[in-house]
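Scroll down for the structure; my scribbles are underneath it.
Laboratory data are not the source of any read-out in this text; all were calculated from the coordinates shown. Computed from a predicted model, the values in this text were never measured in an experiment. All Cβ positions, glycine included, derive from the backbone under ideal geometry; neighbour counts span all protein chains shown.
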Amino acid sequence: MKKYTELSAGELQIEKELVLRQYNEFKAKNLSLDMSRGKPCAEQLDLVSPMLDAVSSDLPLITQDGIDIRNYGVLDGLPEAKRLFAELLEVRPEQVIVGGNSSLALIYDAVSRAMQFGTTDRQPPWNKLDRVKFLCPSPGYDRHFTICEFFGIEMITISMNENGPDMDTVERLVSSDPAVKGIWCIPKYSNPTGITYSDDVVRRFAALRPAAEDFRIFWDNAYCVHDLDRPATLLNLMDECIKQGNEDMPFIFASTSKITFSGAGLGLMAASDNNLERIRRQYSVQTIGFNKLNHLMHTRYLKNLDGIKQLMQGHKKILAPKFRAVLDRLDRELAPLGIAEYTRPGGGYFISLNTHPGCAKRTVELCKEAGVTLTPAGAAFPYGNDPSDSNIRLAPTYPPINELESAMELFCICVRLATIVS
Ligand code: PMP
């Protein structure tokens with residue numbers, strides 16, 4: 001196999017005819033496959049279904065601390081749930097909020113409160129300011145960027161490398177521009193590149209000297225235990241921030257959406273005592289308390305951090321072969337042609353692939369026309385705008401492996417076709 005750049009005009013023409021034929025054969029199959037979002041597959045959910053038996057009418061519904069989970073009471077999480085998830089988030093139990101069913105909702109609330117009321121009593125609400133800016137390491141999580149767009153927060157794209165965001169630019173902008181109020185981070189098995197921030201990057205985050213006193217790091221640790229290989233280690237941001245006198249800077253989030261049930265798990269938040277005092281005050285207006293039935297169900301079933309890690313081994317057994325199947329096909333069919341570069345994630349839910357510039361949108365369109373839905377090209381960039389139109393997020397978790405194989409076969413054909421005709 002020759003690289004495309006080494007093919008003569010005649011060879012390129014032959015390749016084009018071959019790929020077009022293969023593409024049309026695929027179209028005739030009338031596929032209908034969805035690889036657009038990072039959802040767990042049914043087998044993963046089956047792993048956790050016994051959790052539903054952890055709360056039932058023949059088991060005690062009053063906790064060790066005497067809390068009747070059927071009734072009102074407890075604003076920020078059952079004590080046993082806070083103890084369990086403090087282990088996961090590597091903070092003290094008092095620093096944890098165990099919320100409702102979604103971390104995205106907690107993240108949205110945090111931005112919304114900052115807009116309406118500010119993050120400290122000393123600074124004005126963000127919506128009283130002319131401009132509010134967030135740094136957006138990209139490719140990143142589209143729903144983070146949508147929150148910014150929704151609130152009219154200006155987004156600044158920051159490039160990512162294998163150790164995390166480009167910290168020289170982050171430091172420069174955070175320390176010089178008081179309109180920069182936040183940054184989005186997915187520090188472990190990042191969505192979608194799968195990289196984990198290096199110790200040096202975490203230390204540089206903790207040591208930031210923001211021009212804005214109310215600057216916050218939105219540390220969305222959504223994939224903290226989601227290994228596909230040997231576990232990566234992530235330095236503890238809160239500990240590092242405490243060492244730097246910056247403990248009010250991080251807002252830490254995670255959830256069990258990809259540990260237990262997606263959309264019916266638990267959203268988690270951790271922050272400093274100062275921040276939490278303010279956040280609890282505001283949550284006490286918004287809710288009398290979150291769903292303690294779900295808190296108890298999770299705590300009884302997962303038990304402790306070892307219980308979570310054991311469960312995640314089961315997820316890994318299901319997911320690692322799917323990631324391998326995708327990577328094997330990319331290695332076989334695209335890498336030798338020199339037309340795509342992609343990540344080999346050690347964990348998380350995605351593979352991030354770069355086509356030649358200008359080919360991503362066309363590749364996704366071609367897939368769609370032949371029955372395979374991918375995440376829209378550009379979605380992982382602020383305003384959905386990938387300046388080089390090259391990034392595509394692949395989500396291998398949901399389809400059964402035979403469907404994944406078909407989808408990837410088509411995908412490789414589409415990358416070839418988009419590259420040849422570009
Ligand atoms: N953050 C990241 C980085 C995600 O990939 C996702 C999607 N699982 C979420 C947050 C949303 O999670 P939740 O279901 O807890 O709202």
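Relative to the 2.2 N^0.38 Å rule of thumb, the range 137-241 has a C-alpha radius of gyration ratio of 1.04. Given 37 °C and 0.692 mPa s, compute D for the range 63-303 with the Stokes-Einstein relation, Rh being the Kirkwood radius over Cα pairs; round to the nearest whole µm²/s. In µm²/s, the coefficient is 181. Residue pairs exceeding 20 angstrom between C-alpha atoms, taken from Lys128/Lys181; Lys133/Lys258; Lys188/Lys368; Lys39/Lys188; Lys2/Lys322; Lys188/Lys258: Lys133/Lys258; Lys188/Lys368; Lys2/Lys322. The smallest convex shape that holds all Cα atoms of the range 294-395, its convex hull, gives 148 Å³ per residue. When the alpha carbon coordinates of the chain are projected onto the principal axes, the ranges are 76, 57, 33 Å, largest first.
Report the relative contact order of the chain, percent, no decimals, based on alpha-carbon pairs under 8 angstrom and at least 6 residues apart.
Values: 781 pairs, mean separation 106.0, N = 422.
Relative contact order, the chain: 25 percent.
Between the listed residues Gly152, Thr260, Cys136, the Cα displaced farthest toward the positive end of the dipole of the range 63-303, a dipole computed from Cβ unit charges relative to the Cα centre, is found at Thr260. Annotation: the residues Cys359, Cys412, Cys224, sorted from fewest to most other C-beta atoms within 10 Å of their own C-beta, follow the order Cys412, Cys224, Cys359. Counting every other Cβ atom within 10 Å of each residue's Cβ, Arg203, Arg230 order from fewest to most as Arg230, Arg203.
Rounded to the nearest whole angstrom, the semi-axes of the ellipsoid equivalent to the range 345-416, taken from the Cα gyration tensor as √(5λ), stand at 19, 15, 10, largest first.
Among Thr157, Thr169, a tally of other beta-carbon atoms within 10 Å of each Cβ gives an order, fewest to most, of Thr169, Thr157. Pairwise alpha-carbon distances in the range 18-158 exceed 19 Å for 74% of all pairs. Filter the trypsin sites (Lys or Arg not before Pro) in the range 335-396 down to the DSSP loop ones having no more than 14 other Cβ atoms within 10 Å, then list what survives. Passing sites in the range 335-396 do not exist.
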